[in-house]
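Before any comments, here is the structure.
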Amino acid sequence: MASSHLKRIVAPNTWPILRKTTAFISRPKPNGQKMELTLPVVVVMRDVLGLVQTSAQARRILRTQEVKVNGNRIYDTDSAVGFMDLLDIVGKKYRILINKNSTLIVVQAKEDVILQKITGKTSLKGKTQVNCASGFNFIVDKDSYKVGDSIAIEAGKITAHYPMDIGASILLTGGSHIGKVGVLESVEGRVIKIKVGEEVLETAKTHAYVVGKGKPAIDFS
């Protein structure tokens with residue numbers, strides 16, 4: 001069984017934390033994403049947002065007030081908040097993104113929508129189940145969804161489907177252009193080209209996260 005803590009000095013490089021303060025830091029509980037793309041909620045509240053100074057203060061808030069990840073109330077300070085997840089702390093909403101320095105950032109969310117990349121599909125008696133990065137699963141009637149597409153979720157339901165097609169708005173989540181947002185111009189096997197401003201970038205298809213059609217469905221500023 002994995003420890004609930006890890007040494008701060010060896011925490012993922014994506015975490016926006018100081019390395020040489022306390023010896024240990026909380027380990028996020030599994031949520032379907034890699035640990036490099038998740039943060040424990042106590043780290044978000046204490047180290048990133050500065051809402052609390054100690055883990056005990058974070059536990060008190062979680063017990064007495066509503067803190068939600070993707071609409072589900074959480075009570076554990078080790079609960080994971082992952083990339084693209086929507087964190088609601090007593091009515092104030094935040095989104096986890098990644099910047100050009102490959103560091104996770106916590107920004108104020110201007111929309112209630114949750115964007116999720118489809119990571120797998122399963123056939124179920126004539127219907128299809130789509131599986132998403134943060135553990136969301138949906139049964140869909142029409143098999144128009146593909147791995148690599150994204151869906152918008154609001155109030156636990158799919159409200160939009162964003163295919164990885166030409167013209168899609170793309171956030172790059174890996175490679176030398178990580179954190180940039182542009183428009184998909186071409187897909188050739190495992191390689192894509194996206195236009196960012198006047199520049200055309202070439203990168204691996206696996207680095208693409210569809211965030212809208214034509215323009216992003218969420219605000220990145």
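Among the candidates 50, 32, single out the residue that is closer than 24 Å to residue 155 by Cβ and of a type outside the set (Lys, Arg).
Values: 50 fails: closer than 24 Å to residue 155 by Cβ.
After applying the criteria, what remains is 32.
Can you name the residue in segment 179-203 that is hydrophobic (A, V, I, L, M, F, W, C) and closer than 19 Å to residue 101 by Cβ and is also nearest to the chain's Cα centre (by Cα) among such residues?
So in segment 179-203, the residues hydrophobic (A, V, I, L, M, F, W, C) come out as 181, 183-184, 187, 191-192, 194, 196, 200-201.
Filter once more, keeping what is closer than 19 Å to residue 101 by Cβ: 181, 196, 201.
Values: 181: 15, 196: 21, 201: 23 Å.
Once the filter is applied, the top-ranked residue is 181.
In segment 56-89, what residues are closer than 12 Å to residue 40 by Cβ, assigned to a strand (DSSP E or B) and in contact with a Leu (Cβ under 8 Å, 6 or more places away or on another chain)?
69, 80, 81, 82, listed by residue number.
Kindly indicate whether residue 74 is touching a strand residue (DSSP E or B) at 6+ places or on another chain (Cβ under 6 Å) and surrounded by fewer than 18 Cβ atoms within 10 Å (Cβ to Cβ).
Values: touching a strand residue (DSSP E or B) at 6+ places or on another chain (Cβ under 6 Å): yes; surrounded by fewer than 18 Cβ atoms within 10 Å (Cβ to Cβ): no.
Spelling it out, it is not the case that residue 74 is touching a strand residue (DSSP E or B) at 6+ places or on another chain (Cβ under 6 Å) and surrounded by fewer than 18 Cβ atoms within 10 Å (Cβ to Cβ).
If residue 181 satisfies all but one of (1) out of contact with any His (no Cβ under 7 Å at 6 or more places or on another chain); (2) farther than 30 Å from residue 18 by Cβ; (3) not charged (D, E, K, R), what's the number of the condition it fails?
(2)
So residue 122 fits all but one of (1) in the same structural domain as residue 203 (by TED's automatic domain parsing); (2) surrounded by fewer than 12 Cβ atoms within 10 Å (Cβ to Cβ); what number is the exception?
That leaves (1) as the condition not met.
Would you mention how many residues in segment 103-123 are out of contact with any strand residue (DSSP E or B) (no Cβ under 7 Å at 6 or more places or on another chain) and at pLDDT below 95?
3
May I ask you to list the residues in segment 7-54 that are in contact with an Asp or Glu (Cβ under 6 Å, 6 or more places away or on another chain) and more than 26 Å from residue 209 (Cα to Cα)?
Matches in segment 7-54: 26 only.
Testing residue 157 on (1) touching a residue at least 60 places away in the same chain (Cβ under 8 Å); (2) at negative phi, one condition comes back false. Which one is that?
With (1) touching a residue at least 60 places away in the same chain (Cβ under 8 Å); (2) at negative phi applied to residue 157, the lone miss is (1).
Please tell me if residue 53 is more than 14 Å from the chain's Cα centre (by Cα) and in a helix (DSSP H, G or I).
No: the conditions fail for residue 53.
Out of the residues in segment 6-45 that are closer than 24 Å to residue 92 by Cα and in a strand (DSSP E or B), which is modelled with the lowest pLDDT?
By that ranking, first place goes to 26.
Identify, by number, the condition in (1) modelled with pLDDT of 95 or more; (2) surrounded by 18 or more Cβ atoms within 10 Å (Cβ to Cβ) that residue 66 doesn't meet.
(2)
Residue under question is residue 55, and the condition is that it be in contact with a helix residue (DSSP H, G or I) (Cβ under 9 Å, 6 or more places away or on another chain) and under 26 Å from residue 173 (Cα atoms); does it hold?
No: the conditions fail for residue 55.
Right, residue 117: within 20 Å of residue 39 (Cα to Cα), outside any loop (DSSP other than H, G, I, E, B) and not acidic (Asp, Glu) or not?
yes
The values are calculated or read from the model by the stated rules, or taken from the named source; none is laboratory data. What you are looking at is a predicted structure, and each value in this text was computed from that prediction instead of being measured. Cβ coordinates were reconstructed from backbone atoms using ideal geometry, including for glycine residues, and neighbour counts include every protein chain displayed.
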